[in-house]
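In what follows, a single structure is set out as structure tokens and then discussed.
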There are 2 protein chains.
Amino acid sequence: MSPTRERIVTATAGLLRRQGYTGTGVKAIVAEAGAPYGSLYHFFPGGKEQLGAEVIRWSGALYAQLVPAVFDPAPDVASAVEDFFRGAAGTLRETDYADACPIATVALEVASTNEVLREATAEVFDSWTAGLAARFAQEGIGEDRSRELALATLSALEGAFVLARATRTTEPLRVAGDLCAEAVRAALP
Amino acid sequence: MSPTRERIVTATAGLLRRQGYTGTGVKAIVAEAGAPYGSLYHFFPGGKEQLGAEVIRWSGALYAQLVPAVFDPAPDVASAVEDFFRGAAGTLRETDYADACPIATVALEVASTNEVLREATAEVFDSWTAGLAARFAQEGIGEDRSRELALATLSALEGAFVLARATRTTEPLRVAGDLCAEAVRAALP
DNA sequence: CTCCCACTTGATAGATCGCTCTAGCGCCAC
DNA sequence: GTGGCGCTAGAGCGATCTATCAAGTGGGAG
């Protein structure tokens, strides 16, 4: 793939994560990417919306890789959940509470205003849920219960991100992580 | 208070909830409020930012009233938590997945871009946390544990809103509500 | 070499952004 | 009636938004 196109995608991903969709201008994207203005419309003839949809899915796939990266080395699945929340807290602090979920801000913005982008965010959340549920099922938890735990864990994580970024504390991530880890532990056979 | 000023505040609250801060133009606000353009700047000389900060706090105070409204008639505090999530799910469905948290979208948008508005959202989240924690403490749960449960419950609720609006399902609210209610039940003396 | 096409470049269109400004309306005090 | 004032009313400013466009660059195929 063209390096320019790649730079546009990664630059947009960073901007969407921090400022959301409507808050990110095309001008800011090409400036951040160091790309000429016309190149963006060469690679993304659908404009900002097409670029946004692709970046949402790209960020979603990238973030999904964190699940095996954290769960594989963990001693058990419950402490993996704890590690996941703890790692997110660390990233948040290191980036001055900027880098949390790459798509949550956009998801809320577009949920009632842009069906194309809303579907992209829904796909990503579904894939994350499925990935997490598979991990739980792998430990012997029933399929339905695994899916419930995955949804609840993802909800707690996303919500903790909201509170943490607003209040500039990582406390929500700690207590939400403990709550989920405990629930997972209790569900283990 | 002037009825025009009040209409501007309520109209802005509705728009911020659905479309966020950057996605809501001043023109859209005055159109929705049926108010003349100049009136907005008469009542809010600080412009869009001042209006936004006031609306965040106003919506926060309004939403805080839901806690006693749901918790008072409930048989016990754990089922009150369940009722809260169930009620949110009902509202979400009735409004075509538009009306969830009145400030979450704005909170994520401004967390790294506007300190004035970020502080307003932080204040609201803090007040909600305190209100919820007081309810738990009232039932004999220790002060620290009450605060933890309040933070975790609020996190789960906010995150479930994100997933629910994106995927257009109320399932996240159900499982997150169950998780929190169970945790509260376990913490009761 | 020439031709071709993917890609770069930036000026610019047309719409919309937040905001300011002047003008005037309607009500109350005097 | 007259003056003052809270509020209404909307034209219009400069800036910024997304998107388009024509022109140009560069490298590989023939």
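Just so you know, all these numbers are worked out from the coordinates, no wet-lab data involved. Small disclaimer: the values here were computed from a predicted structure and weren't measured. With ideal geometry, Cβ positions are generated from the backbone for all residues, glycine too; neighbour counts draw on all protein chains shown.
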Worksheet entry | Computed [θ] at 222 nm, helices only, for chain B once each DSSP H run of length n ≥ 4 contributes -39500 (n - 2.57) | -25500 deg cm²/dmol
Fill in: Full-extension gain in nm, A:Tyr41 to A:Glu139, via 0.36 nm per residue minus C-alpha separation
30.6 nm
Practice prompt. Could you tell me, in Å, what Rg and Dmax come out for the Cα atoms of segment B:58-120?
Written response: 14.3, 43
Response to the item:
Its Cα gyration tensor gives segment B:136-189 an equivalent ellipsoid whose semi-axes in whole Å, largest first, are 25, 11, 6
Discussion item. Compute the distance from the alpha-carbon center of segment A:51-94 to that of segment A:115-180, in whole Å.
Written reply: 10
Worksheet item: Just the Cα atoms of segment A:1-75, one point each, no solvent: what log10 I(q)/I(0) does Debye give at q = 0.12, 0.15, 0.17, 0.27 Å⁻¹?
Response: -0.36, -0.52, -0.62, -1.29
Discussion item. Compute, for segment B:5-95, the length of the dipole vector about the Cα centre, with Cβ point charges of +1 (Lys, Arg) and -1 (Asp, Glu) only. Units Debye, rounded to 20.
Written reply: 460
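Counting Lys and Arg as +1 and Asp and Glu as -1, each charge on the Cβ, what is the dipole of chain B about the Cα centre in debye, to the nearest 20?
Charge dipole of chain B: 600 debye, to the nearest 20.
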Worksheet entry | For the A-to-B rotation axis, chain A residue with nearest beta carbon and its distance in angstrom | A:Gly159, 1
Response to the item:
With one decimal in nm and the nearest listed first, the spacings from B:Val67 to its own position in the other copies, using label points 7 Å along Cα-to-Cβ, are 3.5
Practice prompt. Compute the label-point distances linking A:Gly87 to its equivalents in the other copies; points lie 7 Å from Cα along Cα→Cβ; give nm, one decimal, shortest first.
Written response: 3.8
Item to complete: Could you size up the charge dipole of segment B:90-189 around its Cα centre, putting +1 on the beta carbon of Lys and Arg and -1 on that of Asp and Glu, and report it in debye to the nearest 20?
Response: 280
Discussion item. Under the convention of a label 7 Å out along Cα→Cβ, give the distances in nm from A:Glu119 to the same position in every other copy, shortest first.
Written reply: 4.4
Worksheet entry | Pairwise Cα inverse-distance average, inverted: Kirkwood Rh of chain A (Å) | 17.4
Fill in: Rg followed by Dmax, in Å, when the protein assembly as shown is reduced to its Cα trace
20.7, 65
